[in-house]
Amino acid sequence: MKFGGTSVATLPRWQNIRELVASRRAEGARVLIVVSALSGITDALKQLCAQGDKSKRIEAAAAIKQRHHELLEQMQLAPPEGLLARLDDLAQLAEDGPRVLGELAWQAQVQAHGELLSSTLGAAFLSATGVATQWLDARECLTAIALPNQNERTRLLSAMVEARPDPVLTARLAGLGEVFITQGFIAREGRDDGIAGRTVLLGRGGSDTSAAYLGALLKAQRVEIWTDVAGMFTANPRQVTGARLLQRLDYEEAQEIASTGAKVLHPRCLSPLREPRVPLLIKDTNRPELEGTVIGPEVREHAPSIKAISARKGITLISMESVGMWQEVGFLSDVFAYFKQHGLSVDLIGSAETNVTVSLDPAENLLDSDAIAALATDLAKVCRVKVIAPCAAISLVGRGMRSILHTLSGVLAEFGQLRVHLISQSSNNLNLTFVVDEEVVDALVPHLHDLLIGAGALRTDDSALFGPSWEALYGRGDVAPAAASWWRTDERQRLLDIAAKATPRYVYHLPTVRQQARELKKLAAVDRLHYAVKANTHPAILGALAEEGFGFECVSPGELRAVIAAVPESAPLLFTPNFAPRGDYEFALTTRATVSLDALHPLQYWGELFRDKEIVLRVDLGRGLGHHEKVRTGGSGSKFGLPVDQLDSFLRLADAHGVIVRGLHAHLGSGILDDSHWGEVYGQLASLAERIGSVSFIDIGGGLGVPSHPGEAALDIAGLDRVLREVKTAYPHYQLWMEPGRYLVADAGVLLARTTQQKGKGAFRYLGIDTGMNSLIRPALYDAWHQIVNLTQLDAPATALYQVVGPICESGDVLGTDRRLPEANEGDVMLIAQVGAYGKVMSSPYNMRDEAEEVVIE
Ligand code: LLP
């Protein structure tokens, strides 16, 4: 068990350590405690070392003595002999200065006192409070090895230890007691001549590394690193409060996350544990009940997925252009020789025939502008040099990176809008790194984290791997679950009864529809809300939304008829078709619907139909957005909307037929969670409207998303309200309309089905249910992720990993991949969540399977 500086600085902290050690003893474990120096003491010792003036050094040693005495007083302990002796040693070292031992050996000896003191004090406290504890000199256990590239400084102040399981040491300790305490950060120099080596320091990551070395030597059951946070997270929680706790990682992944930015663990401390396969736990001292992160040997049962997004700032890029010599032999060797000569370690590398670009990481290098200038001067002898700084490296980390590239299109699209200086894919297949300008990172990382969850690349649905969010653990309390789960508590029994009569069945919960409607009615700037009925045309839903005061947006005569039959005549209608035949417009013009056009053709060829009519013009703003490429409706790759460069032709045709453009419309796509989007569309449409003159309302479409993956951030309706009100102050003369579909109904619908058969095949377990892509095509069509639960065994432990499939004759008939669920029995009722939008309406009679019936509950 390793405790850092703040964990050993006060009496309450030591009482806490005592409790934790006692709890491990109660489990029957023997405990070795590794401690850092009291917080602030290592710095004080470094300052002492930097002091040329003897009297100042003596003063500094006295202050350190005082600090330890104060803590002893708090503990109501008489100073133990060993502590007094060590304080005397320190005073002597301060007095002598470096002249006896030599500068570096003296520094190591002085700084080692931080841990020597804290461990001696800890042994006394624990023994006095009933936990008999043996003090152990870490230098007797950890021997530094000499490496060829080391100089005197690194040998003494940044030493390495080779830690192989040592049965002799283990046996010796077994004879001595049950609880031991020793020092982090220090070791002894190894020598062949039998003389005791000098004290050396382990350098960065010191105490964690000591704990790992000792864990390996003793082949411990586990190493526990006790710190102030419960473990590693999917992103830096300071940047991303929704970052999720990573509950299980293998050594390589954890090391990769640590080396690409996470600060909680030094990457160096994992390698000693790998060969002896000793697991490492990260635990929160203040919240010992939290499970923390377990890092251990690789767990193969998991599908490849991204585990974390990390960022490092302060990166410097050096771009080297070979001058005129294509494929010059030895070019790389020449340039890298200069890096070695200047003591700079290279991190990322990108290369082309005539250019090599590398990055320098400040965590591994002492980077100052002089060091870089000196390097650049030397490099200029063999190539043209460009230094690019400050940059940041953003890394996506996870096992099997190359096999999940297809899930990253959204992330790549984000990078497409930035200056990316370098992309590097690590050869161990564990990370994909983008180097960008430093200033964009803070805003970008939270956004990318959301996108990764949304794309299913960061598989937050796998509750064995991804724990609670930082926000839920340390923030304002529990965040709302991703999908509204009315079905989980209140209505569960009712749903089981409904499924007992027949499956498959869609069930719609009207209170949820109303609640979502009321949420949108808070948008003060919006003058008229229409429900995009394509999402779900059930008459009860149409009726409920009419009662809430919604208008209705339809795209076909069928939808118009359904709405007219279900809602009062006072409800306004919009007709927003695309590539519809002439007859559809003829029909719509006989109803009260406001008709929209999105091409020249209708006015060019059927102009008489629209004579003297008021219409809406749908334009294409040149870009699309949404949860999947297939639902983005903008740009020349999409069939929707009139391109803005045809606006003048459209207006001339309109004039010729006395047609008045009353409204201007755009809808860029579906499933958007970023509130700023609608403000941009609104502003663009409003400025176009100024050119047209006759416009009185602006329709900014629908597309409002709902979070589907656990941990995905919801659309911020208050934020949207602010954005829209801002634009409205600039254009108060236009009415503002919207036409959401999904937002109103998605969470209100579930699909109930029964399990049919199971099959094991290779590493996979398939769980069949009695309906598939015929009832719900979204997973097959958009890789959409829908939560699936076993409603019959809702609270049973999820011990199986299933591929949930339907009975349709297509390989794509998969409703959910890698789902952790309870062991299912034939006939269990399975619930597929969030299918109120684009579920039933997109179903088909394929394979002549029975359609899912629809049931509405109030
Ligand atoms: N307005 C227009 C002109 C639309 O084309 C759509 C949706 C909406 C409004 C409503 O969008 P919403 O608020 O529901 O995102 N089947 C896909 C969604 C396709 C959306 C088509 N148009 C899915 O299941 O995700």
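Taken together, the values in this text are just the output of simple stated rules run on the coordinates, not laboratory data. Treat the numbers as computed from the prediction; the structure is a model and nothing was measured. FYI the Cβ positions are ideal-geometry reconstructions off the backbone, even for glycines, and counts take in every protein chain you see.
Each of A363, V659, I698 was placed along the dipole of the chain (beta-carbon charges, centred on the mean Cα), and the one lying farthest toward the positive end is A363. Using 0.36 nm per residue and subtracting the Cα-Cα separation, the extra length available between H406 and N429 on full extension is 6.8 nm. The label point for R528 and the one for R191, both projected 7 Å from the Cα toward the Cβ, are 9.2 nm apart. Site pair R238 and E853 shows an inter-label distance of 5.9 nm when each label is modelled 7 Å from Cα along Cα→Cβ. Ranking H406, T129, T537 by Cα position along the charge dipole of the chain, where only Lys, Arg, Asp and Glu carry charges on their C-beta atoms, puts T129 farthest toward the positive end. The 3J(HN,Hα) values that the Karplus relation (6.51, -1.76, 1.60; θ = phi - 60°) gives for the stretch 241-252 are, in residue order, 5, x, 4, 9, 5, 8, 7, 9, 9, 8, 3, 5 Hz. Gly and Pro appear as x. Taking amide H as placed 1.01 Å from N in the peptide plane, A144 has its amide H under 5 Å from the amide H of R188, E189, G190, each at least 5 places away in sequence or on another chain.
Here's the picture: a label point sits 7 Å out from the Cα of I717 along the beta-carbon direction, and within the stretch 521-559 the residues with their amide nitrogen under 11 Å of it are 521-524. Residue by residue, the stretch 541-551 carries 3J(HN,Hα) couplings of 6, 4, x, 4, 6, 4, 4, 7, x, 7, x Hz when phi is fed to the Karplus relation 6.51 cos²θ - 1.76 cosθ + 1.60 (θ = phi - 60°); x denotes Gly or Pro. Compute the helix-to-body angle for 676-692: its Cα long axis versus the longest principal axis of the chain, expressed 0 to 90° and rounded to tens. Helix 676-692 sits at roughly 40 degrees to that axis. Helical runs assigned H by DSSP (4 residues or longer) give the chain a calculated mean residue ellipticity at 222 nm of -10000 deg cm²/dmol, each run adding -39500 (n - 2.57) before division by the residue total. Amide hydrogen proximity for T594: with H placed 1.01 Å from N in the peptide plane, the residues at 5 or more positions away or on another chain lying under 5 Å are L573, L574, F575.
Sorted on the mean count of surrounding Cβ atoms within 10 Å across their residues, most packed first, peptides 441-451, 703-713 read 703-713, 441-451. With semi-axes defined as the square roots of five times the eigenvalues of the C-alpha gyration tensor, the equivalent ellipsoid of the stretch 746-857 measures 21, 16, 13 Å, largest first. Take the Cα of F764, go 7 Å toward its beta carbon, and the backbone nitrogen atoms of the stretch 803-828 under 17 Å from that spot belong to 803-821.
Scanning residues 5 or more positions from V223 or on other chains, those with amide H under 5 Å from its amide H are L280, L281, with H placed 1.01 Å from N in the peptide plane.
Which residues among the stretch 425-452 fall inside the zone where the amide N is under 15 Å from a point 7 Å beyond the Cα of K313, along Cα→Cβ? Under cut-off, by backbone N: 436-446. Applying both filters, DSSP loop and at most 14 other Cβ atoms within 10 Å, to the trypsin sites (Lys or Arg not before Pro) of the stretch 645-719 eliminates every site.
Between D368 and A500, the contour length at 0.36 nm per residue exceeds the Cα-Cα span by 40.4 nm.
Taking each pair of distinct Cα atoms in the chain once, what is the resulting Kirkwood hydrodynamic radius in Å?
Radius from the Kirkwood sum: 31.5 Å.
Other residues with beta-carbon under 11 Å from the beta-carbon of G658 carry, at +1 per Lys or Arg and -1 per Asp or Glu, a net charge of -2. For the chain, the longest principal axis of the alpha carbon atoms and the long axis of helix 441-454 meet at an angle near 60°. Net charge dipole, the chain: roughly 860 debye, given to the nearest 20, about the Cα centre with Cβ charges of +1 for Lys and Arg and -1 for Asp and Glu. Any idea what angle helix 103-128 forms with the longest principal axis of the chain, computed on alpha-carbon atoms, 0 to 90 degrees, nearest 10? Approximately 80 degrees, to the nearest 10.
Once you charge only the Cβ atoms, +1 for Lys and Arg and -1 for Asp and Glu, what is the size of the charge dipole of the stretch 746-857 about its Cα centre, to the nearest 20 debye?
In total the dipole reaches around 300 debye.
With θ taken as phi - 60° and the Karplus curve 6.51 cos²θ - 1.76 cosθ + 1.60 applied, the whole-hertz 3J(HN,Hα) list for the stretch 199-214 is 6, 10, 9, 8, x, 4, x, x, 6, 4, 5, 4, 4, 5, 4, 5 Hz, x standing for glycine and proline. Label sites at V440 and A565, each approximated as a point 7 angstrom past Cα along Cα to Cβ, lie 5.2 nm apart. Highest average first, the peptides 374-381, 355-362 ordered by how many other beta carbon atoms sit within 10 Å of their residues are 355-362, 374-381. Straightening the chain between R277 and S694 buys 142.7 nm, computed as 0.36 nm per residue apart minus the Cα-Cα spacing. Can you compute the FRET efficiency between L169 and A796 using 1/(1 + (r/R0)^6), with r the Cβ-Cβ distance and R0 = 41 Å? Round to the nearest 0.05. Working from the Cβ atoms, E equals 0.35. Oblate is the label for the stretch 2-227, because a/c, from the alpha-carbon gyration tensor with a ≥ b ≥ c as root eigenvalues, is 1.5 or above and a/b does not exceed b/c. Between L520, L495, L444, whose Cα lies farthest towards the positive end of the dipole of the chain when Lys and Arg beta carbons carry +1 and Asp and Glu beta carbons carry -1, centred on the Cα centre? Projecting each Cα onto the dipole axis, the largest value belongs to L495. The dipole here belongs to the stretch 308-474: it is taken about the Cα centre, uses +1 on the Cβ of Lys and Arg and -1 on the Cβ of Asp and Glu, and is about 340 debye. Measuring gaps between exposed loop sites in the chain (chymotrypsin sites (Phe, Trp or Tyr not before Pro); DSSP loop; at most 14 other Cβ atoms within 10 Å), the longest gap, sites not included, is 1-325. Exposure proxy shown here: for M232, M75, the number of other Cβ atoms within 10 Å sets the order, fewest to most, as M75, M232.
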